[in-house]
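Trainee: Please see the structure below; I have some questions.
We did not get these values from a lab; they are worked out from the coordinates using the rules stated. Please read these numbers as outputs of a predicted model, since none were measured by experiment. For neighbour counting, all protein chains shown are included, and Cβ atoms are generated from backbone atoms with ideal geometry for every residue, glycine included.
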Amino acid sequence: MMKIRIFVASLMLVMVGAGCAGAPKINKTKLPDAVKAQEIKDMKFGMFICWSYSTFYGKEWTPTKGKDASYFKATGCDTDQWCKTAKAAGMNYILFLTKHHDGFCLWDTATTEKKVTNSPLGIDVLAKLRKSCDKYGLKLALYFSEGDWNWPQAVDGKHRMGGVNPEMKKAQLKELLTNYGPIEFWWMDHATGTGGLSHADTVKWMHKFQPNTFVGFNHGTPAGRICLREMGRPGKLNDPKASVYNKKAEASHKGYKVAEFTYPILPKHRGGAMWFYSLPKHDNLCKKPEQLYNDYLGAVKCENVFSLNIGPNYAGKIRDIDVKTLTKVGEMIKAGNAAKKKPAPTEKK
């Protein structure tokens, strides 16, 4: 009996270390920047999924004190629905939040007990999403908060005070870069600081595992190959008018090869979150499909990547109003593409 227990325990450790079995292989040979940049530009439009503690807190930032994994009270996780909705919207990738400032990890990390596999949901959400992305032909990008309010020197819930723990930051990034297949680009959130590892050193570390992944920072010292425009708009690369928080970086940093912009599908409102699922009273609030389609056209024209933010609800599903809106956007994209392909009428002789 003891031998059986040891075997089972060893098997579980192997399964955790293997990450997402069956994920696409990672290309360790570096491509020319122009080639990889074009691949990312061709992605055009994607879904930015924010789902974490803040979904249940009802506000954008969730102080971490007194909250363990059980605070994440999701009753389900329908990653197939996310990807099916993205596909219907004409999207080509998912940008997924792996860890917000509160430090709760949406993958089965070995670095902390504050992780989704210890929550009532009990599953590795990122691994499940990887499989759904592959099933629906979508690429995968990841969001990661550099700072963490659980780390030494952190001030819980405070801007720029995310603590210092460079080794844990490196360990978490290594897990994400080695266990879940190729990651097209990274949306690094600098709101709570660097975590003790500079942006240049962060990029260098990440490229050890995936030399072709593009890394970007929403503000702070510019580094990496993708310019992030949080709450931004379409605009040619190095156009500071298209950025809100990265104006100086976009005007001066010479390393950028492509620009991304993002904003929530939820319009501005009083009370509750916007990047995450807000509150049930906001379930009928949503931006108009015409606005989203116009920004999609702007992204295509300027060779940008447009990440539209969506917040799954308590049951791990995208809201009905979001599905309806995104389906309409997808229909508009298809109609626009069909009109371009339609041959011009010929004159009768």
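Trainee: With a cut-off of 12 Å, note down the residues of segment 153-173 whose backbone N falls inside the zone around a label point 7 Å from the Cα of K65 toward its beta carbon.
Mentor: 155-158
Trainee: Cut-off is 10 Å between beta-carbons; in what order do F185, F217 appear when sorted fewest neighbours first?
Mentor: F217, F185
Trainee: Mark the label point 7 Å from the Cα of T29 along Cα→Cβ and return the residues of segment 201-217 whose backbone N is within less than 20 Å of it.
Mentor: Residues passing the 20 Å test: 207-214.
Trainee: In addition: Compute the separation of the alpha-carbon centres of segment 271-349 and segment 43-103 and state it in Å as a whole number.
Mentor: 18
Trainee: Where the convex hull is taken over the Cα atoms of segment 114-250, what is its projected area averaged over directions, in nm²?
Mentor: About 9.3 nm², averaged over all directions.
Trainee: Same structure again: What is the packing order of peptides 20-32, 219-231, 51-63, 89-101, taking the mean over residues of other C-beta atoms within 10 Å and listing the highest first?
Mentor: Highest to lowest by the protection proxy: 89-101, 219-231, 51-63, 20-32.
Trainee: Right, next: Could you pull the Cα extents of the chain along its three principal axes, largest to smallest, in whole Å?
Mentor: 90, 45, 42
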